[in-house]
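Below: the structure, in structure tokens.
Where a number appears in this text, it was derived from the coordinates with a stated rule and is not lab data. These numbers come from a predicted model, not from an experiment. Neighbour counts run over all protein chains shown; Cβ positions are idealised from the backbone, glycine included.
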Amino acid sequence: MNELIYTVAFYIFAAITVAAAFGVVTKSNLVHSALLLALCFIGVSGLYVLLQADFLAAVQILIYNGAIAIVFVLGTMLTRRSSRHGTNDTEVNIPSRVVTLVSGLFVVVTLGVIATTPWHYSSGVIVEDTPSLLAQLILTDYMVVMEAAAVLLLAAMIGAIVLAKGVEE
Amino acid sequence: MNIALLTSEIAVVILALLIIVFDLLMPRQEARRSLGYFAVCGLLGILVYTFNQHGASATVYHGFFVVDKFALFFKQLFIVATILTLLFSFDYIEGLTHNTGEFYALLLLSLVGMMVMASANDLLTVFVGLELMTIIFYILVGFDLRSSKSSEAGTKYLILGSAASAVLLYGMSWVYGFTGSIVLSEIAAHITASPAMLLGLGLMLAGFCFKMSIVPFHMWAPDVYEGAPIPVTAMLAMASKAAGVAVLLRVFLVAFADLQAYWLTIVSLLAGLSMIVGIIVAIWQTNTKRMLAYSSIAQAGYILSGLLAADAAGVKGMLFYAVLYMVANVGAFAVTTAVNNQYGSDKIDDLSGLSQKSPFLAVVMTVSLLSMAGLPPMAGFVGKMYIFMAITDKGYFWIAMLGLVMSMVSVYYYMLVVKVMYSKEAKNQQEFTASVSLRIVALISLIATLFIGIYPGPLAELANAAARSLW
Amino acid sequence: MIGLVHFLTVAAIVFAIGLYGVLSKRTIVGILMSIELMLNAVNINLIAFSRFITPEVLTGQIFAIFTITVAAAEVAVGMAMIFRVYYDRNTVHAARLDEMRW
């Protein structure tokens, strides 16, 4: 029974993710794309729950939906022109068939790789209490990376302010 | 655990934070020149300190961050490049923006990113260091708020760079998934030639080649180099590229050494293509920065070809070349800055008559360009020789031959620039001025290029020691 | 039975969709969105590997946390850059970025 629920949930979330992602790149209105992007992020966080990464699922909703999707909507609103139709057209100069072919080929190759690779599955115990273990690892083993990421956020903030503020006359 | 190993990185971060604070405290109208001097002095102190770390070969926490001779070599290269870049660009930066303090601080923070990359011993640290450096460069490339070229260059770099990062990251995820680890030495222990591993390796190679602007992942370089402010272009060409080399070397020679049979052929093709495209297309350029961009693509090809040897001799050649390329570029960009300060543009034509107006700068430019072309007795000749000897030993004679032919061709277009400086009449009779610090940097570049070319022993010794610490 | 392979397949499809978007979209905002899709695909990959290959050490989850951090920084800078382009040219079409050509 549990197995069935898990399977059904996986297919629902996978379908949401893929369909929304497809919508993001095919919709011709940027606002629609941004909202579909948010939906896609929700689908992905559902997949994280199924993978027992509950903390990551929460982070995904908070950061991607709460911050990144909102920034995209904001950016779209601030940079749109009078007509809102055709704000996110697909390139016509590049032959779109070639691009489709390249992307399709990429999927086929990757699926082939997934199918033929002998994965080393681990039979280890799955960690239940992920937040505390994550916190411990980040503040010990991965300390250098954490500090570097903090510096990165500071620098990105300074830079974004300088760029967006513009020239003072 | 040994936090002391992080001292130099922490010091640079503190220096950057101090500059931000001082920038806020200083009165609005006051010139920010003092902040620049402060940054240079601070970096000099840190440079001296890094010599203290020599001989150490230790890691912070489970091998995630390693300080060895290889890492130190690159860190010192980055710091020297930053110091020289700051020195020759004081005037330029003050004319560029009112946000001078932020500019210096961001430049220093990107230096931190490079230093983290040089020491990174696992894929996660590699990735975060790389992004720290690259994201700051997106900002710096677009820093000239009055120029639409600058924002165009910044946007192009951001889009292509982020896409390349995503590809690199996807590759890393496959490598991690197959080997179950992100630490380079453990990856090496679990590696086998499975499809997932090869896919990951290919994607990662593409990502790194983008950062080093290797053909066919070079399309961003000319536009970004042309649109960016000159000091940023200089840092992109010298330090960012060297950081890419540092990471590439460590990842491919430590983690992927067992799969050599698969990546050597691809690397040889990429290196050959870069030499050809970089040098042929450069001939038609009319903008100095764009010409230097194509030249940097070719130089990246030369540096990458050293990887074909996959032994200490090849790595030594690459490290040696990275240094002499940095030294030569400092000279070329310093002269470009001086000319830009004078005329406000960077056309090759603007160099005309430089030999009468400022004979010294004309000589510096000539020596730098000829060093990149690889003419003796300049340093470039020795560097090319080291690399070609190392790869000929391993049977890549054709790459060495191609490199030789291409450097002959490159002499032609470098000579075109020299001809403009020496035989064309100056556009006007305006007095040519260049600041003292810029002249000092140009002098350092000149002396270093000739010194390394005539007496390569000491640097080769250093490079050799650094290369050996990888094994 | 849903296993590693299923999650990797979803990730591969999302990544390819993102790749398609990067190559074919005309506005800079659209391209940035596609890049976010690619990064999300990477995160699915990482977390799936973390669950099935190294469940006891969570390496993949930590990697994903940093990917999300970097993505957020990238979007912030990207949006600021888009505002600059918009001020300069009153458009966010990638094809209008054509001042420099070889």
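Partner chain Cβ atoms within 10 Å, averaged over the residues of A:9-21 - can you pull that number for me?
4
Residues with amide H under 5 Å of residue B:58's amide H, sequence separation 5 or more or different chain, H placed in the peptide plane at 1.01 Å from N; which?
Those qualifying (amide H under 5 Å, at least 5 residues apart or on another chain) are B:67.
Sequence-distant or interchain residues sharing an amide H contact under 5 Å with residue B:347, placed H: which?
B:288
Around residue B:411, under 15 Å between beta carbons, what's the net of Lys plus Arg minus Asp minus Glu among the other residues?
That works out to +2.
Place the peptides B:269-280, B:425-436, B:235-246, B:305-316 in order of packing, highest mean first, counting for every residue the other Cβ atoms within 10 Å and averaging per peptide.
B:235-246, B:305-316, B:269-280, B:425-436
Starting with the fewest neighbours, write out C:84, B:468, A:97 ranked by other beta-carbon atoms found within 10 Å of each beta-carbon.
Exposure proxy ranking, most exposed first: A:97, B:468, C:84.
How large is ³J(HN,Hα), in whole Hz, for each residue of the stretch B:91-104 in order, when computed from phi with the Karplus curve 6.51 cos²θ - 1.76 cosθ + 1.60 and θ = phi - 60°, using x for Gly and Pro?
So the J values, rounded to whole Hz, are 4, 4, 5, 5, x, 7, 7, 8, 8, 4, x, 4, 4, 4.
Leaving out same-chain residues fewer than 8 places away, which lysines sit with a Cα under 23 Å from that of residue B:241?
Hits, sequence-local ones excluded: B:69, B:75, B:149, B:156, B:211, B:289, B:316, B:384.
Using Cα pairs closer than 8 Å and at least 6 residues apart in sequence, work out the relative contact order for the stretch B:261-471, in percent.
RCO, the stretch B:261-471: 29 percent.
Show which aspartates and glutamates lie in cross-link reach of residue A:165 when reach means a straight Cα distance below 20 angstrom and same-chain residues fewer than eight apart are skipped.
Here the aspartates and glutamates satisfying the reach criterion relative to residue A:165 are B:23, B:94, B:102, B:144, B:152, C:74, C:88.
Using 7 Å Cα-to-Cβ label points, what is the residue A:129/residue A:58 separation (nm, one decimal)?
If labels sit at residue A:129 and residue A:58, their model points lie 1.4 nm apart.
In 20 Å bins starting at 0, how do the alpha-carbon pair distances of the protein assembly as shown split up by percent?
Spelled out bin by bin, the protein assembly as shown gives 18, 53, 27, 2, 0 percent.
Alpha carbon centre of the stretch A:96-169 versus the stretch B:157-218: separation in Å?
So the two Cα centres are separated by 13 Å.
In peptide B:142-155, what is the residue-averaged number of other protein chain Cβ atoms found within 10 Å of each Cβ?
6
So what is the 222 nm mean residue ellipticity for chain B from helices alone, if each DSSP H run of at least 4 adds -39500 (n - 2.57) and you divide by all residues, rounding to the nearest 500 deg cm²/dmol?
-25000 deg cm²/dmol
Got a sec to turn the phi values of the stretch B:124-130 into Karplus ³J(HN,Hα) couplings, 6.51 cos²θ - 1.76 cosθ + 1.60 with θ = phi - 60°, whole Hz, x for Gly and Pro?
Rounded to whole hertz, the list is 5, 5, 4, 5, 5, x, 4.
Quick one: 3J(HN,Hα) in Hz for the stretch C:12-21, Karplus 6.51/-1.76/1.60 with θ = phi - 60°, rounded, Gly and Pro as x.
Once θ is set to phi - 60°, the couplings for the stretch C:12-21 become 4, 5, 4, 4, 5, 4, x, 4, 4, x Hz.
For B:259-271, what's the mean count of beta carbons from other chains sitting within 10 Å of each residue's beta carbon?
Mean shielding count: 0.
Positive end of the dipole of the protein assembly as shown, charges at C-beta (+1 Lys, Arg; -1 Asp, Glu), about the Cα centre: which of B:46, C:27, A:25 has its Cα farthest in that direction?
Result: C:27, furthest along the dipole toward the positive end.
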